[in-house]
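What follows is a short report on a single structure.
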Amino acid sequence: MACKNNLVVKQIIDLYDQLSKLESLKPSKNVDTLFGQLVSTCLPTDTNIDVTKMSEEVKDMRSNLIKLCGEAEGYLEQHFSTILGSLQEDENPLDHLHIFPYYDNYLKLSKIEFDLLSQHTSHVPTKIAFVGSGPMPLTSIVLAKFHLPNTTFHNFDIDSHANTLASSLVSRDPDLSNRMIFHTTDVLNANEGLDQYDVVFLAALVGMDKEAKVKAIEHLEKHMAPGAVLMLRSAHALRAFLYPIVDSSDLKGFQLLTIYHPTDDVVNSVVIARKLGGSITAGVNGTRGCMFMPCNCSKVHAIMNNRCKKKMMIEEFSAIE
């Protein structure tokens, strides 16, 4: 296994070398091919690789590779958000989201996150914050359209141009245009108001190194309401060459509930935690919320997960409420 793992790491290093030499990471045939190969190489989960225990040289390469992936992902979302936003005025861009290459992946990931949220939340969230929403806020859009039809989504991004593109995507939709709000700010500058959200999502690429990630989590812990839920995206095994890892030790002030590691083509792991000091039967304002009744497809999904343990890895963490 060690020899095989070393070979895979060498393949990743080779792809990194090729990507780092490109003049631009904007969408093109060459860029798309290389990143497609990189993702395919990093998808296997049946390895004993722990990226945190590799040589300093490999760790440095991984850190640089995550930054390249983040830059390329930003360009990709910007490219397709611009295309969708430039459709004729009588067309709803949200009807054409399938043209985005990873749309199906977002559908699966958002379904996983909704199911996990429904397992650990006793009321339907009225307000959700997504930190690092980007030019294509697909998680907010998918959750709003298919899972949480009465929830308002507040999307935070440091890039005003990203928010302009994202706002354009939903502006022609009669429903989401009223339930999607965009804020241009650095999350570290967002102090007042974070305690008004039932759930806060932290995007995978907000804090692309350990220090920045922990700083963002600490800020959220300081300003979120007791009992509110924090949803984070992490990475496991070889997938940690694509995205940062969130460890349980990073979540000081939170009760860690679940770490979910997909083993299919969904790349990100999902971490769900609750801000200490609250009750699972109360909303963020202390009032009792209505019971969170997930749709039937969520129940089926949960049952299938229990029957097909080989298709996912999940860790549950229990604590006294």
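The values are calculated or read from the model by the stated rules, or taken from the named source; none is laboratory data. Just so it is clear, the structure is predicted and the values come from calculations on it, not from any experiment. FYI the Cβ positions are ideal-geometry reconstructions off the backbone, even for glycines, and counts take in every protein chain you see. Accessible surface is based on the protein model in full, side chains and every heavy atom, while ligands, DNA and RNA are left aside. Shrake-Rupley method; radii C 1.70, N 1.55, O 1.52, S 1.80 Å.
Here are the numbers:
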item	result
Peptides ranked, highest mean first, by Cβ atoms within 10 Å: ranges 131-138, 41-48	131-138, 41-48
FRET efficiency for Ser63 and Ile158, using Cβ-Cβ distance with R0 set to 22 Å, rounded to 0.05	0.60
Where Glu71, Glu221, Glu77 fall by accessible area, highest first, once all protein chains stay in place (1.4 Å)	Glu71, Glu221, Glu77
Rounded to whole Hz, the Karplus (6.51, -1.76, 1.60) HN-Hα couplings of the range 34-40, x for glycine and proline	5, 5, x, 5, 5, 4, 4
Semi-axis lengths, Å, the range 2-85, gyration tensor of Cα atoms, sqrt of 5 times eigenvalues	27, 13, 12
Apportionment of accessible area to carbon and sulfur, the range 2-85, percent (1.4 Å)	51
Arg172, Arg274, ranked by accessible area, largest first (probe 1.4 Å)	Arg172, Arg274
Over the range 126-179, volume per residue of the alpha carbon convex hull, in Å³	62
Residues with amide H under 5 Å from that of Phe182, placed H, sequence gap 5 or more	Asn155
Whole-number percent relative contact order across the range 59-187, with pairs defined as alpha carbons under 8 Å at least 6 apart	26
Distant-in-sequence amide H partners of Thr152 (H built 1.01 Å from N, under 5 Å)	Lys127, Ile128
Distance violations [Cα-Cα > 22 Å] among Lys26/Lys145; Lys127/Lys275; Lys10/Lys215; Lys26/Lys210; Lys21/Lys210; Lys21/Lys59	Lys26/Lys145; Lys10/Lys215; Lys26/Lys210; Lys21/Lys210
Accessible area in the full protein assembly, largest first, 1.4 Å probe, for Asp159, Asp173	Asp159, Asp173
